[in-house]
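Accompanying notes for the structure given below.
The values are calculated or read from the model by the stated rules, or taken from the named source; none is laboratory data. What you see is a predicted model; the values in this text were computed from it and never measured. All Cβ positions, glycine included, derive from the backbone under ideal geometry; neighbour counts span all protein chains shown. All accessible areas refer to the heavy atoms of the entire protein, side chains included, with ligands and DNA or RNA removed. Shrake-Rupley method; radii C 1.70, N 1.55, O 1.52, S 1.80 Å.
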Amino acid sequence: MSLINFTNLDFDQIKNSLKDYIQSNSDFTDYDFEGSNLSTILDVLAYNTYITSYNANMISNEVFIDSATLRENVVALARNIGYIPRSKKSSRASVTFFVDISSVSPTPANLTLKAGPVATTGGRFNGQSFVFGIPEDITVSVIDGIATFSDIEVYEGSYLSQSYVYSTRNPFQKFILPNVGIDLDSLVVTVRPSIDSSVSTKYSRQDELFDSITKTTINENSNIYFIQEAEGEQYEVIFGDGVFGKALEDGNIVEMTYIVTSGSDGNGINNFTFSGSVSYVRNSVEIFVTNGISLISSTLPSSGGESIESIDSIRKYAPQLYSTQNRALSASDFEVLIPNKIYPETESISVFGGEELVPPQYGKVFISIKPRNGDFIPNLIKENIKRNLRRYSVAGIVPEILDLKYLFIETNSKVYYNTNLAPNAAFVSSKVQRDLTAYAESSELNKYGARFKYSRFLKVIDSSHESVTSNITTVEMRRDLRLAISELAEYAIDFGNEFHIQSMSGFNIRTSAFRVLNINTDVYLYDVPDSTGEKGQISLFSLDEGSSTPVIQRRNIGVIDYKKGRITLDPINIVSGKTKDNVDILEISATPESNDIIGLQDLYLQLDSSFVDMVVDEISSGTDPSGSTYTVTTSYKNGNIIR
């Protein structure tokens, strides 16, 4: 009989297949395969087959980007479709200090902060020490004996340099940077004709054969270089071949400077100690200043540091970037090109066409970006993004960049627990809060297009500790409306989710207190649905001190669309609201029709608050097996009409 085909990498199955094959041979009819030496031979054959099959399977996996596990293989496969993984990024900080040079006579006209280290961390941060520096000298004027270095941008990491001599006698010469953790944004490549020459030419990095800056194709005179990731997270610099890019000549000196950084570990530092060099020149002699240097101040902690792109990220973005073919036509093209080609600081992005809006805005594409640091993108960066997008987008499509809009989720949970399995309620509550915090910070939320999964949230609570028997959780969604104080303004705010109508009598939405012109008391918004239950009117009411009975102040000041989750206010002059982060806002909350809440279009989903109240499960605890005194919790929100 022929050898049995098998696909299972099971040792016993392989051995049994070999045994069946040999037993079918008449020469081995009387052999004892369990007790003879043939059993040992079969073990060796089966083991060899097992190892060979395993190796073949692993090698096959490494051929495809979806299944490859070794970074070198994933990077190589991504390189085949023109994708360059992101390198580490240096953390940046803005520092200020001054130098009192008044004791020097005559006082120099200016002082120079030398390139290289400028500041070190004051003490140790997260068990590590960090050095921040500048790539080039900075010179400032001395005024009244004081030289002020204001808002100097410093970069975390060590500045290193490498030199190479190009030789045509070595056809396999490679320019590999030997360090790990290089920030490619800091890489500067220059070429000198020979070792005796002091004239150098700066080369620019190019990732394509078309120069998007000069709008020309790369030719034999273009001073450019290409970069690719080599083994061990090192980088190889590749120069032109005389057709695409200028070719190096024999004896050329290649010099490269760059930063080796700690990446994201350098973020969050604002305590610095000066470690740089300040000097001035007198009579052609450089004199260094060692006294009169003030302490370093920094208004914000260091930020912007990133780790090298992960294997999972390469797998995700390499095929997507290839599919765009360096053009922005669809929403998905914009979502891939912006974080990979234009604005690497993007943490999350949402893109949708103007035709999806009500009313439609044809010919426009709307982009909402959550940066890695902070909540909003400065206007200057917005303009840069739009300008760079012109290289990829077609004529007639106008990009518009929107500010971040948060859709907050608020939960209120009654958690039942078995007292026999926990020391006290506070212990269980801390376990629940810990897991809810981890869920709130997970990638399931905190991004565009996210979805709050109600069943998943309940499972997080139930699985937080063995004593938890069940929970009843109510959910609300909230938007914070920015107010134009003391201005007659019209407002519109979208929740992107259908509102639940709990009562046709109204008061289905809740707001924080605010004040409007000509009403000398705190007022709140309330709604009254129409007969269809799809839309309704918005009005103002107030509460007398110590009373929960609403007093209507002004009717029909706006419209609510329950189906679309939209509230529109007619022109109104609001004079004050709730202050949050030095901004006057109006908090508006509503109960969603579905407890699964989505972040629609430009809404960024975030779990803002989770209130947990522990309740003794008297049945499970054994104190009341019959359930006569069982504490019942409502599955609906409380009856408060204000926030």
* Carbon and sulfur atoms: what percent of the 1.4 Å accessible area of the range 72-133 do they account for? -> 49 percent
* To do: Figure the gain on full extension for S503 and E466 (residue separation times 0.36 nm, minus the Cα-Cα span) and round it to one decimal in nm.
  => 9.5 nm
* To do: Over the range 464-534, calculate the relative contact order: mean separation of alpha carbon pairs under 8 Å at least 6 apart, over the residue count, as a percent.
  => 23 percent
* By its C-alpha gyration tensor, with a ≥ b ≥ c as the square roots of the eigenvalues, how is the range 173-323 shaped: rounded for a/c under 1.5, else prolate for a/b larger than b/c, else oblate? -> oblate
* **Solvent exposure ordering (accessible area, 1.4 Å, most first) of T591, T69, T299** => T299, T69, T591
* To do: On each of the three principal axes of the Cα atoms of the chain, give max minus min coordinate, whole Å, ordered largest first.
  => 109, 92, 58
* To do: State in Å² the accessible area per residue of the chain; use a 1.4 Å probe, count heavy atoms of protein chains only, and round to the nearest integer.
  => 52 Å²
* In square angstrom, rounded to the nearest 10, how much accessible surface does Y524 have for a 1.4 Å probe? -> 30 Å²
* Which helices of the chain meet both criteria: a Cα extent of 30 Å or more along the helical axis and a mean Kyte-Doolittle score no lower than -1.0, with helices taken as whole DSSP H segments? -> 37-61
* Structure fact -> So the carbon and sulfur contribution to the accessible area of the range 573-628, 1.4 Å probe, in percent, is 46 percent
* Asked: Do the sum for the chain: with -39,500 (n - 2.57) for every DSSP H run of n ≥ 4, divided by all residues, what is the mean residue ellipticity at 222 nm, to the nearest 500 deg cm²/dmol?
  -> -5000 deg cm²/dmol
* **Ratio Rg/Rh, restricted to the range 77-181 and using Cα atoms, in which Rh is the Kirkwood radius** => 1.15
* In what sequence, largest accessible area first, do M256, M504, M614 appear using a 1.4 Å probe? -> M504, M614, M256
* Asked: Can you give the extra length, in nm with one decimal, that the chain gains between L45 and Y454 once fully stretched, where that is 0.36 nm per residue apart less the Cα-Cα distance?
  -> 141.8 nm
* Asked: Label points 7 Å out from Cα along the Cβ direction at V165 and N420: separation in nm?
  -> 8.4 nm
* Let me know the volume per residue of the alpha-carbon convex hull for the range 326-458, in Å³. => 140 Å³
* Total charge dipole magnitude, the range 283-364, about the Cα centre, Cβ charges on Lys, Arg, Asp, Glu only, Debye to nearest 20 -> 160 debye
* What aspartates and glutamates sit close enough to K535 to cross-link, taking a C-alpha to C-alpha distance under 20 Å and skipping anything fewer than 8 places away on the same chain? -> E476, E490, D494, E498, D527, D561, D570, E593
* Of the heavy-atom accessible surface of the range 291-354 (probe 1.4 angstrom), what whole percent is carbon and sulfur? -> 52 percent
* Express in nm, to one decimal, how much length is gained between I381 and K580 on full extension, taking 0.36 nm for each residue of separation and deducting their alpha carbon distance. => 69.1 nm
* Asked: Give or take rounding to whole Å, what are the principal axis extents of the alpha carbon atoms in the range 287-345, in descending order?
  -> 59, 26, 25
* With a 1.4 Å probe and all protein chains in place, put R372, R86 in order of accessible area, largest first. => R372, R86
* To do: Just need the Rg to Rh number for the range 422-496, please, alpha carbons only, Kirkwood Rh.
  => 1.16
* Asked: Is the range 532-616 rounded, prolate or oblate when judged by the Cα gyration tensor, a ≥ b ≥ c being the square roots of its eigenvalues, rounded requiring a/c under 1.5 and prolate requiring a/b larger than b/c?
  -> rounded
* **Contact order relative to length of the chain, as percent, for alpha carbon pairs under 8 angstrom and 6 or more apart** => 12 percent
* To do: Provide the packing ranking of 431-441, 167-177, i.e. peptides ordered by the mean count of other C-beta atoms within 10 Å per residue, highest first.
  => 431-441, 167-177
* Spin-label model distance (nm) - E286 vs Q13, 7 Å beyond Cα toward Cβ -> 7.1 nm
* To do: Go through K370/K431; K89/K431; K405/K431; K405/K563 and tell me which ones have a Cα-Cα distance over 25 Å in this structure.
  => K370/K431; K89/K431; K405/K431
* Asked: Of Q206, L70, G627, which is farthest along the charge dipole of the chain in the positive direction, counting Lys and Arg as +1 and Asp and Glu as -1 at C-beta?
  -> Q206
* Asked: Taking the highest mean first, how do the peptides 12-24, 616-628 order by number of other beta carbon atoms within 10 angstrom per residue?
  -> 12-24, 616-628
* So what are the ³J(HN,Hα) numbers for the range 277-293, from phi and the Karplus equation (6.51, -1.76, 1.60; θ = phi - 60°), rounded to whole Hz, Gly and Pro as x? -> 10, 10, 8, 9, 10, 9, 6, 6, 10, 7, 10, 8, 9, 10, 10, x, 8
